[in-house]
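Each remark here refers to the structure printed beneath this line.
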Amino acid sequence: MASLTPARMSYAAAIVGCVTFGCYFVLAAICIHFLLKKNRRSSKGQHVVLAYTCLMLVVNIIYFVAASKWSEIEFVESTENPAIFAAQLSTNYAIIKDTAYTINIWLADSLMLYRTYIIWRSIPVLLFPALVYLGALASGLGLLIETGQPGGTFGVGLVVPFGTAFWSISVALNVILTFLISYKLLHQHRRVRSLRVTEVGDRYTDIVAILVESAALYSISGLIYIPLFALNIPLQYPFAALLGSAAGIAPNLIIFRIAMGVDFKGETMQQASSVQFATRALARHGATFTNPESTLNQNSTTGSAKTTKILGDSSPNLEVYPLDSMKT
């Protein structure tokens, strides 16, 4: 632990920040590319997602440029005169860097709220998370005010209390939303699997999809970072860089699924409900829902609007329709 000095950990944070920003930048460029292609024939909501992605990219670029200048001051200029670094703690570079970092987390939290609404389609479910989000906004604003004071830096004045409150509230919000999204997806998985319709179920409910849709990457990074920050351990610096990058990468993984058209949408539950309703209706007429997966695959491949008879002579007029015709 003696080698984990603040200087070494700050240098490690710079390396982590550069590598993870590169990963984020490539991912954001891919998302924007596919969103631009999709926007030619998409709804207004897709334009909002594109604008959000571009805004987050601009904020992250501003943070990276300011943080790079900050590292140059810390590792180059201040080695000859340590007073230079102390004088830069509350300069415009530091304020811009901290502001962009905080705004990036606010944007990430807002997307998680939006995704939770898309999956649940319930305002009451979002009431408590929305209040927690307001707390993150307030504590983040307080953190920026404190770090913007002359000589304000981590470990001085109210920076630690505001910082601990901000990251704790933000991570708590993401843990809550991660649980809500994961629960809904797992519930969807069990509901669809009970009908043995894996074509619909596996697409949205595999482990990777649940981790991506719930932004678990950011929640896990935050849970590691908060105690390190509260105890003022130098190891916090590389995890602070990782947390900032995770706040950009996790939402863009969701946006990538949106751009590719494989994200979880509210109508997926409607599809499952429609299949379940049709199955029960057939059961009441003494029929069986034979090989639903092949029926779904055949209909999705041919795009046919024709109905598929699956009954015997006992009920010759009872038919089941493809999922596309069941959407409300």
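The values are calculated or read from the model by the stated rules, or taken from the named source; none is laboratory data. Source: prediction; values computed, not measured. Don't worry about glycine lacking a Cβ; one is built from the backbone with ideal geometry, like all the others, and counts go over all protein chains shown.
Overview of results
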| read-out | value |
| --- | --- |
| Residues that are of a type in the set (Lys, Arg) and modelled with pLDDT of 90 or more, drawn from segment 100-133 | none |
| Failed criterion for Leu55 (all others in (1) closer than 19 Å to Pro251 by Cα; (2) without any contact (Cβ under 8 Å) to a residue 40 or more places away in the chain hold) | (2) |
| Total residues in segment 76-99, condition surrounded by fewer than 20 Cβ atoms within 10 Å (Cβ to Cβ) and at pLDDT 80 or above | 3 |
| Residue ID - modelled with the highest pLDDT, chosen from residues in segment 192-231 that are outside any helix (DSSP H, G or I) and in contact with a helix residue (DSSP H, G or I) (Cβ under 7 Å, 6 or more places away or on another chain) | Ala215 |
| Residue within segment 221-228 that is touching a Leu at 6+ places or on another chain (Cβ under 7 Å) and farther than 20 Å from Leu158 by Cα present | yes |
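Condition check ((1) modelled with pLDDT of 90 or more; (2) part of a loop (DSSP other than H, G, I, E, B)) across all residues:
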| residue | (1), (2) |
| --- | --- |
| Leu4 | no, yes |
| Ala12 | yes, no |
| Cys18 | yes, no |
| Gly22 | yes, no |
| Ala28 | yes, no |
| Lys38 | no, no |
| Arg41 | no, yes |
| Met56 | yes, no |
| Ile61 | yes, no |
